[in-house]
Amino acid sequence: MRKSPFVETSFLPDRERELRETAEREALAREWVAAQERAKQTPIAITYSYWNGTGHRRTLEVPQGTTVARFLELAKAPFRELRAAGAEQLLFVKEDLIIPQHYTFYDLIAARARGKSGPLFHF
């Protein structure tokens with residue numbers, strides 16, 4: 001007996017096809033991770049205010065992969081009264097949200113985080 005060439009056999013296990021698909025998935029996964037890393041290195045300008053009775057409005061440019069804690073460390077540097085404070089003692093408030101310090105700006109942008117009046121970041 002021989003196989004009929006007209007019968008559909010693509011659903012049957014095929015070791016070579018599975019190896020090709022696995023290699024293709026791994027290549028696509030590597031490509032996706034590389035694209036995410038490139039996106040995390042893209043600079044973003046964050047305008048922030050420090051309020052101590054008078055407004056201090058500044059802009060700081062950091063990569064999108066920067067955590068909120070690292071941003072707070074960089075943002076407190078110009079202010080003498082904050083030099084003794086650690087980043088864990090500071091809050092990052094954007095619109096009506098207190099953003100936890102373990103998030104990166106990339107996480108917020110990728111998730112399209114929204115505040116009370118709309119998206120947190122506009123690009």
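Here is how the numbers come out for the structure above:
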| quantity | calculated |
| --- | --- |
| Accessible area expressed per residue, the chain, with surrounding protein chains retained (probe 1.4 Å, Å²) | 78 Å² |
| Protein accessible area in the chain, 1.4 Å probe - carbon and sulfur % | 54 percent |
| Estimated [θ] at 222 nm from DSSP helical runs (n ≥ 4, -39500 (n - 2.57)) normalised by residues in the chain, nearest 500 | -10500 deg cm²/dmol |
| Percentage relative contact order, region 35-92, counting C-alpha pairs under 8 Å, at least six apart | 27 percent |
| Whole-number D in µm²/s for the chain (Stokes-Einstein; Kirkwood sum over Cα pairs; 20 °C, 1.002 mPa s) | 117 µm²/s |
| Most mobile listed residue (L72, L82, L28) in the chain, GNM with C-alpha springs under 10 Å | L28 |
| Paramagnetic label zone (point 7 Å from Cα along Cα-to-C-beta, T47; backbone N under 14 Å) in region 72-111 | 95 |
| Choice from E37, E73, E81 with maximal GNM fluctuation in the chain (Cα, 10 Å cutoff) | E81 |
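The values are calculated or read from the model by the stated rules, or taken from the named source; none is laboratory data. None of these values were measured; they are calculated from a predicted model. Neighbour counts are summed over all protein chains in view; Cβ atoms, including those assigned to glycine, are modelled from backbone coordinates with ideal geometry. In case anyone asks, the SASA skips ligands and DNA or RNA and just uses the protein heavy atoms, side chains included. Shrake-Rupley method; radii C 1.70, N 1.55, O 1.52, S 1.80 Å.
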